[in-house]
1. Determine the dipole magnitude for region 22-93: charges of +1 sit on the beta-carbon of Lys and Arg, -1 on that of Asp and Glu, nothing else is charged, the reference point is the Cα centre, and the result goes in debye to the nearest 20.
2. If you take every residue apart from His40 with its C-beta less than 11 Å away from the C-beta of His40, what net charge results, scoring Lys and Arg +1 and Asp and Glu -1?
3. Could you tell me the calculated FRET efficiency between Tyr77 and Arg103, based on Cβ-Cβ distance and R0 = 22 angstrom, to the nearest 0.05?
4. Going by how many other beta carbons lie within 10 Å of each one, how would you line up Ser108, Ser113, fewest first?
5. Provide the gained length on full extension for the span Thr70 to Lys89, in nm with one decimal, where the gain is 0.36 nm per separating residue minus the Cα-Cα distance.
6. By the scheme Lys and Arg +1, Asp and Glu -1, what is the net charge of all other residues having a beta-carbon under 9 Å from that of Ser113?
7. Just to confirm a number: summing +1 for Lys and Arg and -1 for Asp and Glu over residues other than Val50 whose beta-carbon lies under 14 angstrom from that of Val50, what do you get?
8. Please report Thr73, Thr92, Thr41 as a ranked list, fewest other C-beta atoms within 10 angstrom at the top and most at the bottom.
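Read-outs: derived from the displayed coordinates by stated rules, not from any lab. Given the structure is predicted, the values throughout are model-derived calculations rather than measurements. We place every Cβ from the backbone using ideal geometry, glycine too, and count neighbours over all the protein chains shown.
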Amino acid sequence: MNPKNTTQPVSPEGQTGTLEQEQTKVARHWKVILYNDEDHTYDYVVDLLVAVCGMAKEQAFRCAVEVDMTGRTTVFYGNKEECTLRSGKINTWGADHRLLRSRGSMNSAVEPS
């Protein structure tokens with residue numbers, strides 16, 4: 001190995017970067033999508049996202065508005081294992097005690113990003 005070689009790795013998109021940057025990009029190629037329903041309140045969504053995804057309340061509220069308006073929102077990026085874990089927690093979080101008609105958790109899925 002030539003110690004004077006300062007060539008950086010090239011990503012599939014033709015961008016240069018460090019090996020650590022490339023590994024981080026690969027590790028975060030998955031996302032968790034939260035789907036809307038009419039059986040959970042904004043407060044439920046905020047509490048859920050703060051606890052499961054580690055969001056600040058303000059960010060979680062923005063996601064609650066987005067999921068209500070568009071039907072879905074991305075709530076987490078990470079590797080497949082991390083995303084699967086968080087999606088599983090969302091899907092088993094339980095009913096919203098604020099609404100009598102709420103019978104279970106919200107739905108989420110893991111997708112490639």
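1. Working: 9 positive and 11 negative charges, 83 e Å.
It comes to approximately 400 debye.
2. Values: positive: Arg98, Arg101, Arg103; negative: Asp37, Glu38, Asp39, Asp43, Asp47, Asp68, Asp96.
Here the charged neighbours net out to -4.
3. Numbers: r = 30 Å, r/R0 = 1.35.
Calculated transfer efficiency: 0.15.
4. Working: Ser108 24, Ser113 13.
So the residues, fewest neighbours to most, are Ser113, Ser108.
5. So the chain would gain 4.6 nm between Thr70 and Lys89.
6. Values: positive: Arg28, Lys31; negative: Glu111.
Here the count lands on +1.
7. Numbers: positive: Lys57, Arg62, Arg86, Lys89; negative: Asp43, Asp47, Glu58.
The answer is +1.
8. Details: Thr73 21, Thr92 9, Thr41 14.
Result, fewest neighbours first: Thr92, Thr41, Thr73.
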